[in-house]
Structures are given as C-alpha cells and as structure tokens.
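Just passing along the structure, written as structure tokens.
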Amino acid sequence: MSPCASPAAGPRRRGGRVALFYVIEPADFGHWIAVEDLMEKERRVVAEETLTKFSDAVVKQTGVLPILHIREGERRDALLKLLEEEPGISILVLAMGSGKGGPGPLISALTGKFYKRLTVPMTIVPGSLTEEELDAVT
C-alpha cells in the first residue's frame, strides 16, 4: 500500500471522501497463545502507523481526513466484506504490483474468480506510474 497524491484530489472536487483500508492477516501459532497475542498487538501497531502515514498524505492533498478501516483476516475476504457492509463506498482503487509477480493476489482474485462479488467499480492503478504520470490522468 502506498500513498497516491493525485487521485485524492478527485474526491475533493466531487464532495467524496477517501477511505484507507488495512488488513491484519492472522498468524497461526496454535499452542503458542502468548506469542500469538503479542504478535497480534504488534501487527495492530504496524497497521495503525501505516494508516497514519497514508492518512497524512491524503490530508495534505485533500484537506480532509480519510476514513480508516482496519480489519483482521484474509485480505480478499476482508475487503469484500467491507464493501458489503459500507454502502457509502462508491469506487475501489487498487495499486497493481510492479514486480515480476504480476498484479498481486488481490487484483488477480478480484478480476478473476471473485469478480462477481464486487459491488462497486474498481480502478487499477499500474504500480509503474510516476507521480507526474498519475497527475496527468487524474
């Protein structure tokens, strides 16, 4: 997840708000409950720090605090559940991976087997775009 400066300007012109989403994926330690609890707390801190950083970037671009969502579970399922529970979400913007691994597992799932579960339009931003290129298309 990385902050996108330019797309945030669009919601300001249209009266919308940016929402940021972070999924804390579970770690399975089974019988090591104390270790699992500690790791869960650490993952929560990382999630909050990450969203705070990106939130600051959104505020800098839009002047408006974004809505923050932190969920636990498998990324794809947590996102689809969020879209079901939050009817105010009107578009999903995802950044594509720019490495050799392809667009990433979430985009692959949402454009493949799980596309029928999407309830809003999805925009995919190529990870290779520069800020200048992004500004040109927004």
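Quick query: amide H of A95 versus all other amide H atoms, modeled in the peptide plane; which residues come in under 5 Å with a sequence gap of 5 or more or a different chain?
V125
Quote to one decimal, in nm, the extra length available between S108 and L82 on full extension: 0.36 nm per residue of separation minus the C-alpha distance between them.
Extending this stretch completely gives an extra 7.5 nm.
Hey, what angle do you get for helix 33-62 against the long axis of the chain, alpha-carbon based, 0 to 90 degrees rounded to 10?
Approximately 10 degrees, to the nearest ten.
Tell me, what is the FRET efficiency for E133 and V93 to the nearest 0.05, using R0 = 22 angstrom and their Cβ-Cβ distance as r?
Result of the calculation: an efficiency of 0.90.
Any read-out appearing in this document is the output of simple, stated calculations on the displayed coordinates, not a laboratory observation. These numbers come from a predicted model, not from an experiment. All Cβ positions, even for glycine, are placed from backbone atoms using ideal geometry, and neighbour counts span all protein chains on display.
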